[in-house]
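Just below is one structure, and these are the notes that go with it.
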Amino acid sequence: MESFYNKFSEKIAETFQIWTNPEKLGMYTGDLVKIILIFIAMILAVRFSNMAVNKFFDNREKFKIVGEEKRINTIKGIVNSIIKYTIYFVAFTPILQTVGINISSLIAAAGIGGLAIGFGAQNLVRDMISGFFILLEDQFQVGDHVEIGNKSGIIEDMTLRVTIIRDFNGDLHIIPNGSIDIVTNKCRGNMRAWVDVGIAYEENIDEAINVLKELCEEIANENKDIIEGPTVLGVTNLGESDVVISIVAKTVPLEQWAVERELRKRIKERFDEKGIEIPYPRRVVITNKKS
């Protein structure tokens, strides 16, 4: 490796002497023109590729590419960078050969170093590639409620390498993108709010259902987070001390729990008004007094 760098340095010095000597410079006029043309072609190729990539992402509706503006711009910048450095590499290879530098030795040295780096950074590369496809496919985004492996919560931040989740206990989970196998996104489409209501066996079931239907209509007109329903499904279970009536509604993402809480509160208040009993455990103590 040391001998290669010595030869490389000597070749650079020799080339510099040739290009600074007016007598020898005339011999290499053709090479100079070739290098200039390569530079011009490189600049034009970079500009054309940037224009093509920008036009592609600007017309993303035509190509059916979905996603937020911030995410699309991130992907566009990554693609432009990859294409730009690829063009640079392709352009500088013939330039080095033109000035008399043996590119095969340089590539061999770079290959050995790249192989060593690749073994040490393979997890990093895997994380970044996985992150790129997560962004490209729009699997989830900041603010979504997701479940990744045994971790669930709200996406607080995401990069090409890691995804950061804040669970409902306040814990912050940092997950490498390369370890993400299965993602459950709970923010795509309408969410379901489900409430079970228990009434005593002594109560009139039809009357209780009618009261619930009337209440559900009121809540549907008042709550803008409800997309569909609430709908009274009817009796769904016969418990030990209660008859269970279920109510279901479709809500906007992340509002299903708020809708469930409101339903339970309003049902309790309405049942109290109508005198409908919600059973709860009672303890009866009988004392035997001896005379």
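Structure summary
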quantity	calculated
Answer from 174, 165, 199, 155 - the residue that is without any contact (Cβ under 8 Å) to a residue 24 or more places away in the chain, over 18 Å from residue 256 (Cβ atoms) and open to solvent by less than 20 Å² (accessible area, probe 1.4 Å)	165
Residue list for segment 223-234, filter: closer than 13 Å to residue 258 by Cβ and either touching a Phe, Trp or Tyr at 6+ places or on another chain (Cβ under 6 Å) or surrounded by fewer than 16 Cβ atoms within 10 Å (Cβ to Cβ) (or both)	224
Candidate set from segment 235-252 (those that are small (Gly, Ala, Ser) and surrounded by 14 or more Cβ atoms within 10 Å (Cβ to Cβ)); member that is nearest to residue 191 (Cα to Cα)	249
Among residues of segment 231-264, those that are in contact (Cβ under 8 Å) with a residue 24 or more places away in the chain, more than 18 Å from residue 278 (Cβ to Cβ) and part of a strand (DSSP E or B), counted	4
Complete set of residues in segment 132-178 that are assigned to a helix (DSSP H, G or I) and out of contact with any helix residue (DSSP H, G or I) (no Cβ under 8 Å at 6 or more places or on another chain)	133, 137
Number of positions in segment 265-281 that are open to solvent by less than 60 Å² (accessible area, probe 1.4 Å) and in a helix (DSSP H, G or I)	4
Qualifying positions in segment 246-259 - out of contact with any Leu (no Cβ under 9 Å at 6 or more places or on another chain) and within 12 Å of residue 216 (Cα to Cα)	259
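The values are calculated or read from the model by the stated rules, or taken from the named source; none is laboratory data. Fair warning: this is a prediction, and the values are worked out from it, not measured in the lab. For neighbour counting, all protein chains shown are included, and Cβ atoms are generated from backbone atoms with ideal geometry for every residue, glycine included. Just so you know, the surface numbers come from the protein's heavy atoms only, side chains and all, with ligands and any DNA or RNA stripped out. Shrake-Rupley method; radii C 1.70, N 1.55, O 1.52, S 1.80 Å.
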